[in-house]
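A.B. asks: My questions all concern the structure below.
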Amino acid sequence: MAVLQQTTVDSLKRSEAQLSARWLADLEVSGATRNLKADDLKQQTSEFLRLLTRALEKGGAQSISSSDWDEVRQFLEKLSHQRALAGQDSQQTAHFIFSLKGPLFTLLQEEFADRPALLAEQLWEISQLLDGLGMHTIRTYQKSRESVIKRQQEELLELSTPVVKLWDGVLALPMIGTLDSQRTQVVMESLLQRIVDTGSEIAIIDITGVPTVDTLVAQHLLKTVTAIRLMGADCIISGVRPQIAQTIVHLGLDLQGVVTKANLADALALALRRLGLTVAKAV
């Protein structure tokens, strides 16, 4: 990337306040200020222009991957991360940079009005520079957004597999939805940890909310049961509906002696009997 004229850099530095005002106005018109505080946006535009001018003074408009642009990149990365957390879309985030072109072009037209060839050169260089910074903003936003989505998925996964203490020594894990490898791992980790924390002797896995049971689902269940037994606890699977029972038979699946019950109430009653407890109606 060619170096900008010193005249251009000086003009940017001299007109920071004017540029910031024009930039804010363009952002407002384009709708890019939606859900953003005016004071925060004003501070961000002023800080970016200051960092941009400082980077240009250090090394001109060379590659933005150089160390001279570290502060600018870090600013944009922080900005993108904040916008991703706030639910801003990528277009609105990238427009923060691209909307600066208009005010900068106007400034350069005023500065080089009597030198059209030099004006065209400087406009091209500024455009290339802002395009590079805008693309860096988009890439950072996408990474931040993917990180947010991944964390939300993990949180939802944990919420969808709660371990409930039904009685002293009895835990229950009601499952809803499809059981895959990732979810099985979360189930085992949370359930085994709760067994250790509570010293429970029996764990009930309720599959009432699992729509279908195939060979893969059965294998995941068996892995969980095996892990529970290795922890010194017993396991009961409840919620085995007639359709699931028929599917298991048709598939020729072997649950290897795993105790199953039709509903959670029956499983709890069995667990209490194994603990030597009896539940009776109050007279």
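A.B. asks: Roughly how many nanometres apart are two label points built 7 Å out from the Cα toward the Cβ at E110 and K78?
C.D. replies: A separation of 2.9 nm, rounded to one decimal place.
A.B. asks: Residues with beta-carbon under 12 Å from that of L49, excluding L49: net charge, scoring Lys, Arg +1 and Asp, Glu -1?
C.D. replies: Its environment carries a net charge of +4.
A.B. asks: Run the quick spin-label model on E57 and Q18: label points 7 Å from Cα toward the beta carbon, then report their separation in nm to one decimal.
C.D. replies: About 1.9 nm separates the two model spin labels.
A.B. asks: Within the chain, what whole-number % of the accessible surface is contributed by carbon and sulfur, with the 1.4 Å probe and all protein chains included in the calculation? Don't skip to the end; give the middle numbers.
C.D. replies: Details: 8030 of 15200 Å².
After summing per-atom areas, the C and S share lands at 53 percent.
A.B. asks: Once ligands and nucleic acids are excluded and a 1.4 Å probe is used, how much of V186 is accessible, expressed in Å² to the nearest 10?
C.D. replies: 30
A.B. asks: At q = 0.11, 0.19 Å⁻¹, work out log10 I(q)/I(0) for segment 27-130 with the Debye formula, treating every Cα as an identical point scatterer and leaving solvent out; two decimals please.
C.D. replies: The computed values of log10 I(q)/I(0) come out as -0.38, -1.06.
A.B. asks: On full extension of the chain, what length is gained from L275 through T226, given 0.36 nm per residue of separation minus the C-alpha to C-alpha distance?
C.D. replies: 15.6 nm
A.B. asks: Which net charge results for the neighbourhood of E77, defined as the other residues with beta-carbon distances under 10 angstrom from its beta-carbon, given Lys and Arg at +1 and Asp and Glu at -1?
C.D. replies: +4
A.B. asks: What is the dipole size for segment 71-223, taken about its Cα centre, with +1 at each Lys and Arg Cβ and -1 at each Asp and Glu Cβ, in debye to the nearest 20? Please report the intermediate quantities before stating the final value.
C.D. replies: Numbers: 14 positive and 20 negative charges, 21 e Å.
With only Lys, Arg, Asp and Glu charged at Cβ, the dipole is about 100 debye.
A.B. asks: Give the separation of the Cα centroids, segment 190-244 to segment 26-43, in Å.
C.D. replies: Between the Cα centres of segment 190-244 and segment 26-43 lies a distance of 52 Å.
A.B. asks: May I ask you to order 243-253, 10-20, 202-212 by the average number of other C-beta atoms within 10 Å around their residues, highest value first?
C.D. replies: 202-212, 10-20, 243-253
A.B. asks: What FRET efficiency do you get for D180 and Q128 if R0 is 30 Å and r is their Cβ-Cβ distance, rounded to the nearest 0.05? All intermediate terms of the calculation are to be shown ahead of the outcome.
C.D. replies: Numbers: r = 46 Å, r/R0 = 1.54.
Once rounded, the FRET efficiency stands at 0.05.
A.B. asks: Between T198 and T7, what is the spin-label point distance in nm, taking each point 7 Å from the Cα along the Cα→C-beta axis?
C.D. replies: It is 7.8 nm.
A.B. asks: Could you tally the net charge around H220, taking each other residue with its Cβ under 12 Å from the Cβ of H220, Lys/Arg +1 and Asp/Glu -1?
C.D. replies: Value of the local net charge: 0.
A.B. asks: With all distinct Cα pairs included, what does the Kirkwood hydrodynamic radius of segment 122-277 come out to in Å, to one decimal, could you say?
C.D. replies: Working: mean 1/r = 0.0560 Å⁻¹.
One decimal place: 17.9 Å for the Kirkwood radius.
A.B. asks: Taking the Cβ-Cβ separation of K37 and M135 as r and a Förster radius of 22 Å, what is the calculated FRET efficiency to the nearest 0.05?
C.D. replies: Working: r = 26 Å, r/R0 = 1.20.
Here the calculated transfer efficiency is 0.25.
A.B. asks: Could you state the accessible area per residue of the chain in Å², with a 1.4 Å probe and every protein chain left in place?
C.D. replies: Ligands and nucleic acids excluded, the result is 54 Å² per residue.
A.B. asks: Stretch S66-Q246 to full length: gain in nm at 0.36 nm per residue minus the Cα-Cα span?
C.D. replies: Computed gain between S66 and Q246 is 58.3 nm.
A.B. asks: For the chain, what proportion of DSSP beta bridges, expressed in % and rounded to the nearest 5, is antiparallel?
C.D. replies: Expressed as a percentage, antiparallel bridges in the chain total about 20.
A.B. asks: Can I ask one more? Would you check segment 124-283 for Lys pairs whose C-alpha atoms are within less than 27 Å, ignoring same-chain pairs closer than 8 in sequence, and give me the count?
C.D. replies: Summing the qualifying lysine pairs gives 6.
The values are calculated or read from the model by the stated rules, or taken from the named source; none is laboratory data. Just so it is clear, the structure is predicted and the values come from calculations on it, not from any experiment. So basically every Cβ, Gly included, is an ideal-geometry build from the backbone, and we count neighbours across all protein chains shown. Note: areas computed on protein heavy atoms with side chains; ligands, DNA, RNA excluded. Shrake-Rupley method; radii C 1.70, N 1.55, O 1.52, S 1.80 Å.
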